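All remarks here apply to the structure that follows.
The values are calculated or read from the model by the stated rules, or taken from the named source; none is laboratory data. Everything numeric in this text was worked out from a predicted model, so none of it was measured. Note: ideal-geometry Cβ built from the backbone for every residue, glycine included; neighbour counts use all protein chains shown.
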């Protein structure tokens with residue numbers, strides 16, 4: 001069946017996936033472009049393939065065809081692509097693994113996407129998002145992830161509840177500061193750790209800081225006061241993975 005009207009209920013429901021409240025309600029979200037659709041398919045998160053009419057993209061999955069005006073209606077990018085996908089959100093879980101990255105109040109979608117890509121690259125098992133971190137399924141986050149969100153366990157938790165549980169399980173809790181910590185190059189090899197990165201402007205929240213075993217920082221020359229949180233996270237995860 002070819003969908004051509006923005007008044008069609010199914011098309012209206014797809015459009016509503018741009019709203020966080022609706023995504024949360026039904027546990028689905030949209031991705032755009034061949035690369036993201038293929039990553040979702042390979043990892044089992046793709047529920048429905050959406051193609052512009054007459055396009056061939058043979059995947060063994062439910063497929064719906066839409067006209068170009070519907071593509072433009074549903075797209076959130078300047079240059080819409082003729083392929084989209086409806087994906088399943090990750091289920092919440094407590095299967096954290098030994099190498100955990102906690103994000104305390106990250107607000108910028110691009111930063112979150114960069115951090116997720118680096119976490120996959122440097123063998124983090126789980127990313128824990130604080131309740132006030134930007135929505136993982138924000139379309140800007142999804143594009144910045146470049147499909148890496150499909151390859152890592154990502155959950156959203158109340159940090160004041162989950163960090164004490166990790167302490168009980170003997171994780172080493174490493175907080176980050178711009179100064180007055182241990183140089184990341186001098187951190188001993190850890191098999192079971194939690195690294196916590198803070199908000200772009202304010203760093204770690206005070207209650208979270210109080211639960212850290214120690215603090216680490218990246219040594220820089222005095223000209224540069226601080227690094228973008230995505231860049232800083234990437235450097236720290238690289239050093240911890242060596």
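Here are a few things to note about the model shown:
- Scope the range 187-208; condition over 23 Å from the mean Cα position of the chain (by Cα) and surrounded by fewer than 17 Cβ atoms within 10 Å (Cβ to Cβ); matching residues: 188, 189, 190, 191, 206, 207
- Meets criteria (at pLDDT 95 or above and either farther than 30 Å from residue 198 by Cβ or crowded, with 20+ Cβ neighbours inside 10 Å (or both)) for residue 74: yes
- Qualifying residues in the range 132-148 (those that are in a loop (DSSP other than H, G, I, E, B) and in contact with a helix residue (DSSP H, G or I) (Cβ under 8 Å, 6 or more places away or on another chain)) - the one farthest from residue 77 (Cα to Cα): 133
- Listed here are the strands (runs of 3 or more DSSP E) enclosed by the range 170-242 that have at least 3 residues being modelled with pLDDT under 90, and there are none.
- Total residues in the range 34-59, condition closer than 19 Å to residue 147 by Cβ and exposed (fewer than 12 other Cβ atoms within 10 Å of the Cβ): 1
- Residue match in the range 77-92 (condition: modelled with pLDDT of 95 or more, outside any loop (DSSP other than H, G, I, E, B), more than 20 Å from residue 40 (Cβ to Cβ) and over 16 Å from the mean Cα position of the chain (by Cα)): no
- Only residues that are in contact (Cβ under 8 Å) with a residue 60 or more places away in the chain and not in a strand (DSSP E or B) were counted in the range 95-111, giving 8.
- A residue that is assigned by TED's automatic domain parsing to the domain that holds residue 232, under 19 Å from residue 118 (Cα atoms) and over 22 Å from the mean Cα position of the chain (by Cα) occurs somewhere in the range 171-186.
- Complete set of residues in the range 35-55 that are closer than 14 Å to residue 2 by Cα and without any contact (Cβ under 8 Å) to a residue 40 or more places away in the chain: 49, 50, 51, 52, 54, 55
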